[in-house]
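As structure tokens, the structure follows; a few thoughts come after it.
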Amino acid sequence: MPETPAKETRASEVTRLTNAVTSDVSTGDLRGSTQPAGQVPLIFETGETGRANRYFPNGRSLEEFLPAHVLRGALPLPDNSELEVVRHFTKLSQRTFSIDTGFYPLGSCTMKYNPKVNDAMANLPGFRDLHPFAPDELAQGALAVMYDLQSYLAELFGMAQFSLNPAAGAHAELAALLIAKAHFAKRGTSKERTTVIVPDTAHGTNPASAAMVGYKVVSLKSDARGRVGVEDLRAVLGPDTAVCMMTNPNTLGLFEDRIHEIAAAVHEAGGLMYYDGANANALMGNARPGDMGFDLMHLNLHKTFSIPHGGGGAGHGPVGVAEHLVEFLPTPVVTRRTGGEQPAYALDFERPASIGPMRSFWSNFAHAVRALTYILANGGEGLGEISRLAVLNANYLRVKLRDVLEIPYDEVCRHEFVASAQPLKRATGVRALDIAKALLDRGFHAPTIYFPLLVPECLMIEPTETESKETLDAFAATLRAIVEAARTDPESVTEAPVRTLVGRLDETRAARQPNLRWS
Amino acid sequence: MPQPEGLLYSKEHEWAKFDGDVATVGITDYAQNSLGDIVYVELPRVGSAVAQFASIGVVESVKAVSDLFSPVGGEVVEDNATLEADPAAVNRDPYGAGWLYKVKVSDLAQRGLLMSAADYDAMVAATGT
Amino acid sequence: MYTPHTQSDIEQMLETVGVPTLEALLRVPDAVALKRRLDLPEALPETLLVERLNAYALQNKALGHTSFLGAGAYRHYCPPVVGSLAMRGEFLTAYTPYQAEVSQGYLQAIYEWQTYVCLLTGLDIANASVYDGATALAEGAIMAVNATGRRAILVSKAVHPNYRAVLRTYAHGMELEVEELPLAADGTTDVAKLDAKLADKRFAAVALQSPNFFGAIDVPGAAARAALASSGTIPIAVVAEAMSLGALAPPAAWGAQIAVGEAQSFGVAVAYGGPYVGFIAAGTEHMRRIPGRLVGRTVDGEGRPAYTLTLQAREQHIRREKATSNICTNQAHCALIATIYLAALGASGLRRCATLNVERAHALAERVARVPGFTRAFSAPSFNEVAIEVPHGMTAGGVLAALQEKRILGGVDLGRWYPEFGRCMLTAATELTTDAEIEQLGRALEAIVAERKEAVRA
Ligand SMILES: Cc1ncc(COP(=O)(O)O)c(C=O)c1O
């Protein structure tokens, strides 16, 4: 999730170490591990030519096989010993905050525990070493994994069918909007259906995906309750409406409780309803987008289904559709034929109405294995309980923080909620960004800040279900201490972080004189 | 700070300085100040046609982007190539070295749709910030 | 469920919230409430879970076969050091490094990855990653469209068919035209008429793949390069087998302004098609048009060098519908694997490995050509794949099926995408392909020829 502060304060005047944090609370091992100090030289600055690792046998030279003009001259990569490589990347890992090191309440990102058994299963040789062009009959296990996963997702979310083709949420949004375009083309109305409606709380990928399909984006202001107003929506609906993209609960963590009216209005106007499933952890097993009138949706398996984010990816973003849109799903689709001794699974490429493939091969398969493992580990009941506990954790924290920060929409939230530092900023000059940085000093990751855009100085907090009450208590106490520090000694907060490896960065310099590679 | 005289202003915080039928365009001090450190300016291509008040480029700060709306319409005849290497000029000297581009104005009557320095000041004052 | 809550935790927390039950927290209007119990499996304890997943994996019988499959996904040796470092939980369970102060390690690794891509392609800048090779091509084409204002793309028929299909999917959404360049007889792209094609300056980009889908080294000669330069069309190099970058002249050497490709070969498992890692490199002039994350080096308030996500104003979370791309989550962890792989091998290891690929493919081609009736389909020099023409009266599909009976996956049938090549199969060798495997393939083909003779006689 983005961090979009209006203006960055320069941290150059910060005097480090001298301003020890006074009102710290003891959080013991709940905090992220302390990161070791000092710079790590770039891999290009270490090693010596000729310090090679012997992974491969010696043999003949390239010139014996290929004409000189097709060959490369210098290959200017560093040669490091294996131990140097191990130390280098071990050090880099120690300088990286992660779920495994500490509490990561990054709103809209669902930073839950990523079970290790998932990784072990994805790494089974039968999955890991299976080539995508292996004939279907020799890949029945993989196809069954895909088929079962897509079927379970369809049942869980009330869609007719899912395709595992897209690689991430945004990629699935693109697939879904291409499906919408194909749907309108089939009805002969794609020339008229030119707009996509996106609430102002929507994630940036929604409008960006719409633009990639040539749609005009109409932004819809949230009402006083932080939700889409049915009347406001009606005002923008028309014969030009193609799709209305909604996140439910929305990025304020609020359930769109008039969703059935919204869906009815959009359908009446001839449009399609799209469900951005980034927040599916709030309702999985308890309510289904399909029952709310959504025609299209995506899931971020790397949020709800415990796939590790890996520092920004890879994710996995299945796209789901209602019955009338199944024919447009991207290729290939995994099919199952019964009748023989065993069901036979196959990749189906022969789908004339399909929007075509979205990627080189069939899916981010290793992640499909992880997601299926997670579903089987928890079972249908467990998945429902996971959502309930995620919502409990968020509400518990919301109530605990009520008298610490402003909670602009202070009602029962779902899996996340937003707080605002606007009153604090007026009183002390301390902003959401400063609070975020102060949390880093105290061993916690920061919440998502400055998103959604409609809440000024916003902190979007998503604890997830895998965090204990003790962790939530410690986090609340720490935030309380930071806010107290803001009142008594605001500089101690605006100068944070002072205990991290580096202080606030000169981002202006990074953007004005971009240095994107070593040379 | 009060706006320089002799320039005309748009609601979208751009200024235009007319020299015959050629207008030099920039953003106001208020605009540069609210954007923060400007890191990049995307200018219209020389030779392209722009319509008055149409969106023709963007100004980027570290974590925000603002559309540029041309205060005048006509043909772009020159752009400020130095901004490529020194976008900070827009922050330092928005009415001088930080100018953006020049337009051969198609119709001088467009001036009637722009504000005087005093009117622009009043508009900014009314916005509050 | 991996949840730590005890019953008393839940009770206390509900009380704090002031809600009687968990269910009450999730109440939705009746109109949209769940109408029935969901039909989903029961939870499995971990012992049974592992057994269940193993059962799926064991159904993938391909693993018992000798494999010559390539065509965009390659089986290479990955030293254990790569997995052992990459699977560290700190890397695996981090999010996108938005908070730079606590993410210096990962940011530095991505900066190193960007540098590796630049060094390997010969271009100035590279992004943190995109989904895979095919989407890299689509995104590269969009960069060219934005750079030139033109709305048509010319792509060689020798570019991976899946990449071309994805390019069309994206192009359809953006209403871009896609046209194809034909093949020459030697298995490379026919660029003889490029001049005429480019004359009307309609094309934003020309995309050429080398080694191309048939394994052939396929870079434009001087005349084609001159035609490209004078038309203002942006040359895009497609690299579907990144291992080739260890041996062959880099894309920048033939004038590519944008290089897109797939880096799966650098330590990333074939894993039935994903996740892999797409890369995009380009000249500095395209810096503001490159999609996705970029890591830059800067300093902190005390002047210490540090890394951060930069030029974010290009991206969807700031520019929304005007962003260069909609990409958000990318393939960072696969890029990390590739970075560690390249660090472990070094220049000498990568060159050696790439050389072995060429040598093995050569040995494979020679052995197969000794089988009566089997020939190399194309004469152009190749990297680690060769297109093989099967004898008259046979089809590639038929030969591959017969090989499969002998537990050999001989390659892919080119007729699947090129009806005119129904007698050609694309066969790959890597540093892992042994002499014994090559001999096994040769003997199997000889047996197939002999069996056929028998059948014809009978
Ligand atoms: C609400 C929302 N929608 C869409 C996305 C995009 O998903 P992805 O990053 O998987 O492309 C995100 C991810 O951050 C999100 O939070």
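The values are calculated or read from the model by the stated rules, or taken from the named source; none is laboratory data. Quick caveat, the model's predicted, so the values are computed rather than measured. Cβ atoms come from the backbone with ideal geometry, glycine included; neighbour counts cover every protein chain shown.
A few notes on this one:
- Meets criteria (over 28 Å from A:L472 (Cβ atoms), surrounded by fewer than 17 Cβ atoms within 10 Å (Cβ to Cβ) and modelled with pLDDT of 95 or more) for C:P41: yes
- Listed conditions (1) hydrophobic (A, V, I, L, M, F, W, C); (2) at the interface with chain A (Cβ under 7 Å from one of its Cβ atoms); (3) part of a helix (DSSP H, G or I); (4) surrounded by 23 or more Cβ atoms within 10 Å (Cβ to Cβ) are all met by C:A71, apart from (3).
- Checking each residue in the range A:48-76 for being in contact (Cβ under 8 Å) with a residue 12 or more places away in the chain and surrounded by 14 or more Cβ atoms within 10 Å (Cβ to Cβ) picks out A:R51, A:A52, A:N53.
- For the range A:122-157, the candidate set comprises residues that are over 20 Å from A:A314 (Cα atoms) and among the polar types (S, T, N, Q); within that set, the residue that is nearest to the other protein chains (Cβ to nearest Cβ) is A:Q140.
- All of (1) in a loop (DSSP other than H, G, I, E, B); (2) more than 7 Å from chain A (Cβ to nearest Cβ) hold for C:L48 with one exception: (1).
- Taken as a whole, the range B:1-15 holds at least one residue that is touching a Gly at 6+ places or on another chain (Cβ under 9 Å), buried (at least 16 other Cβ atoms within 10 Å of the Cβ), touching a residue at least 40 places away in the same chain (Cβ under 8 Å) and charged (D, E, K, R).
- Some residue of the range A:314-322 being of a type outside the set (D, E), away from the ligand (no atom under 15 Å from the Cβ) and more than 11 Å from chain C (Cβ to nearest Cβ): yes
- Any hit, the range A:274-297, residues being within 13 Å of the ligand (Cβ to nearest atom), aliphatic (A, V, I, L, M) and assigned to a strand (DSSP E or B): yes
- Test: residue in the range C:361-377 that is within 14 Å of chain A (Cβ to nearest Cβ), out of contact with any strand residue (DSSP E or B) (no Cβ under 8 Å at 6 or more places or on another chain) and closer than 23 Å to C:P250 by Cβ: yes
- Being touching a Cys at 6+ places or on another chain (Cβ under 8 Å), in a loop (DSSP other than H, G, I, E, B) and hydroxyl-bearing (S, T, Y) holds for only one residue in A:Y55, A:Y113, and it is A:Y55.
- Filter result for C:A147 (in a loop (DSSP other than H, G, I, E, B) and over 22 Å from the mean Cα position of the chain (by Cα)): no
- The number of residues in the range C:117-145 being more than 7 Å from chain A (Cβ to nearest Cβ) and either of a type in the set (F, W, Y) or farther than 13 Å from C:L294 by Cβ (or both) comes to 14.
Table: residues versus (1) within 14 Å of chain C (Cβ to nearest Cβ); (2) more than 15 Å from the ligand (Cβ to nearest atom).
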{"residue": "A:D223", "(1), (2)": "no, yes"}
{"residue": "A:P239", "(1), (2)": "no, yes"}
{"residue": "A:T247", "(1), (2)": "yes, no"}
{"residue": "A:E261", "(1), (2)": "yes, yes"}
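- Looking across C:L336, C:L414, C:L342, one residue alone is in contact (Cβ under 8 Å) with a residue 60 or more places away in the chain, touching a Phe, Trp or Tyr at 6+ places or on another chain (Cβ under 7 Å) and over 25 Å from C:S210 (Cβ atoms). It is C:L336.
- Qualifying residue in the range A:95-112 (condition: within 16 Å of the ligand (Cβ to nearest atom), β-branched (V, I, T) and either at the interface with chain C (Cβ under 7 Å from one of its Cβ atoms) or farther than 26 Å from A:P463 by Cα (or both)): yes
- Filter result (surrounded by 19 or more Cβ atoms within 10 Å (Cβ to Cβ) and either in contact with a Gly (Cβ under 8 Å, 6 or more places away or on another chain) or more than 14 Å from chain C (Cβ to nearest Cβ) (or both)) within the range B:74-88: B:G74, B:V76, B:D79, B:N80, B:L83
- Residues (more than 11 Å from the ligand (Cβ to nearest atom), surrounded by 24 or more Cβ atoms within 10 Å (Cβ to Cβ) and within 7 Å of chain A (Cβ to nearest Cβ)) located in the range C:312-324: C:A323
- Pairs are defined by a Cβ separation below 8 Å, a sequence spacing of at least 6 or placement on different chains, a first member in the range A:204-219 that is of a type in the set (S, T, N, Q), and a second member that is more than 12 Å from the ligand (Cβ to nearest atom) and in a helix (DSSP H, G or I); the pairs so defined are A:S209/A:L177.
- Condition check for A:R487: within 30 Å of C:T6 (Cβ to Cβ) and part of a helix (DSSP H, G or I): no
- Unmet criterion (only one of (1) at pLDDT below 95; (2) away from the ligand (no atom under 16 Å from the Cβ)) for A:A160: (1)
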